[in-house]
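A short reminder: the numbers here are calculations on the coordinates, not readings from a lab. Please read these numbers as outputs of a predicted model, since none were measured by experiment. Neighbour counts run over all protein chains shown; Cβ positions are idealised from the backbone, glycine included.
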Amino acid sequence: MLSALRVENFGIIQQAEISLTAGFTAVTGESGAGKSLLLTAVPAVLGLAGTADHVGPFAGSFRLRAAFSVASSHPLWTALRQWGIEEDDVLIVQRDMSREGRSIYRIQGQIVPRQAVRDLATELIDYSGQHHALRLFEPTTLLTWLDHYAQLNDLRDAVEAAYQQWRTAKTAWQELLQGSAKAEVMAEKAQEYASLKALGLSVDEESQLTKDLGRLRSRQQLLEGSQALSQIVDGAEGTSIIAQLDQARRQVEGLVRLDPSAVTMEGLIQQAQDVIDELRLALSEWASGLEQGPDRLEELEARANDLARVKRRYGMTIPEVLQYMQALHRDLQGWENLEWDLRVAERQAMEAEEAYRKVAEELSRIRKEAALSVSRRVSDLVHEMEMPHAVVTLRLEASEPSATGLDRASVVFASSAQQELRLANKVASGGELARIALAMAVLSGGRTDVTLIFDELDAGLGGESAARVGSLLQQLGKDHQVVAISHQPSVAARAADQWVVARTAEDTIVRALVKRVQGVEREREIARMLSGQVDSVAMGHARHLLGEGEEVD
């Protein structure tokens, strides 16, 4: 709620300070006195209006200062924490603007950027002026208003939750897609890995192959050496090691018969024969490998060529090629896992989209029914405000999916049924927009913590229509803080509080003076509004109007 407003050097307002209470407050005064200027100061302090042209003649800059009563639990305090501003029960916003066009914004005395202040505006005021379209007519705000009117907040919350789930699932899927390698690249890697795997490489193969090739290339010499060794071990009788050991054994046996202590030598000869037997076996096994012919040599040389080609191609040793194969294998395994993750993520995104569309389509269906109903009710109310033939329709059109659903809302207007319906904020006058907004506010209630400000609401209205507007503003003021510039005594008389803006000229400088009127002073202002004169007849009528307003309360 706007609790206080201080204005300095803003146009013709040299200095003014007003305090506001809950309910309906009327701002009155003669034409050109500065009423609209006073109320323009509210959106101006929040960065929604006000230019260097508004700097008055009394100083080099204007200063606007507004105090709002805001619960410490209000969400806007959360946004203000980023600027080091703590919760309080009063929010003070100030704007200073020089004649050169430089503005300084402050919240709780601390300098903040303009956007920080503008972000507060939607939480604090809804302003309708001659040159300002109501925030209510913005598509997103309209949908919020309609959902409040039709009591669809729970369904709307479900749509928003479903949208966030879909968005999260879709983002996860897209991130996987962006991070995945191209299929053709992975196919090439798979082919390369298969080719290397088919070679059956091993870490020790190259050194063993070198040894085997060396043996086969020296085969003839090895065979000759093998045969010579075999001849020594198993040669002609009497010359081989085995034959000589047999002779030695028989000789030792004779010695043992003569002297048993020679048995030790018999054991040693037996050990020598065992060693020679092992030598014969090892020689046989080793020599059998030498029996492999030229085919085996060609096979080993071909294998050596294969290894050499691999080393040349990759510029690596065989152990390094094996490490490269392991890296390829890891990539391929990751690709296989990624393909699965992609399928899962895609399915989850599609399921989340389906769930979102289901609940969003249900919300859209109910919204369309509610839009038909509220369009008739709004039109009926504006008919009572000297717009007897006006057609007001809340139009819903399909839009891209969003957290608010599948609808885009707009208010279309025609002054009569014979005219084409067009966007209200494009063709309706400021007064007509304000009356439409008043009707909508009365029907739905809207947010009770936002100050509703109306300018040009009752300009040009007749007696009965003006009385109806006053009644609606008074009704709206029961749950909202409403501030309206009024040209009609029957409207101003319904207000709980009244401020007058008067224009004076001193020393050739025009000034606007602002003051609260109560009691007799208020009766005199209502009388002036009635007839332009303050006589007994007008004063009596003024007291009657004020009495009617109090009776309604």
From the Cα centre of the stretch 419-488 to that of the stretch 33-47, the distance in Å is 18 Å
Charge tally for neighbours of residue 18 with beta carbon under 9 Å away, counting Lys, Arg as +1 and Asp, Glu as -1, is +2
Residue-normalised 222 nm signal for the chain, counting each DSSP H run of n ≥ 4 as -39,500 (n - 2.57), nearest 500 deg cm²/dmol, is -19000 deg cm²/dmol
Between residue 284 and residue 402, the two model label points (7 Å from Cα along the beta-carbon direction) sit apart by a distance in nm of 9.5 nm
Note, residue 72: beta-carbon cut-off 11 Å, +1 each Lys/Arg, -1 each Asp/Glu, net -4
Computed for the chain: size of charge dipole around the Cα centre, +1 on C-beta of each Lys and Arg, -1 on C-beta of each Asp and Glu, debye to nearest 20, value 2240 debye
Nearest 10, in degrees from 0 to 90: the angle of helix 318-383 to the longest Cα principal axis of the chain is 20 degrees
Which of (1) 101, 71, 50; (2) 172, 52, 47; (3) 74, 55, 53 is the computed Cα extents along the principal axes in Å? It is (2)
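Mind giving me the FRET efficiency for residue 521 and residue 422? R0 is 41 Å, r the Cβ-Cβ distance, nearest 0.05 is fine.
0.40
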Residue span residue 249 to residue 366: 0.36 nm per residue of separation minus Cα-Cα distance leaves a gain in nm of 30.4 nm
In degrees rounded to 10, the 0-90 angle between helix 263-289 Cα long axis and the longest Cα principal axis of the chain is 60 degrees
Looking only at lysines whose Cα falls under 25 Å of residue 35's and that sit 8 or more positions away or on another chain, we get 426, 478, 515
Looking only at lysines whose Cα falls under 26 Å of residue 197's and that sit 8 or more positions away or on another chain, we get 182, 189, 211, 311
Taking a straight Cα-to-Cα line shorter than 24 Å from residue 358, and setting aside same-chain lysines fewer than 8 residues away, one finds 170, 368
Between residue 27 and residues 5 or more places away or on another chain, the pairs with built amide H atoms under 5 Å apart involve 484, 485, 486, 499
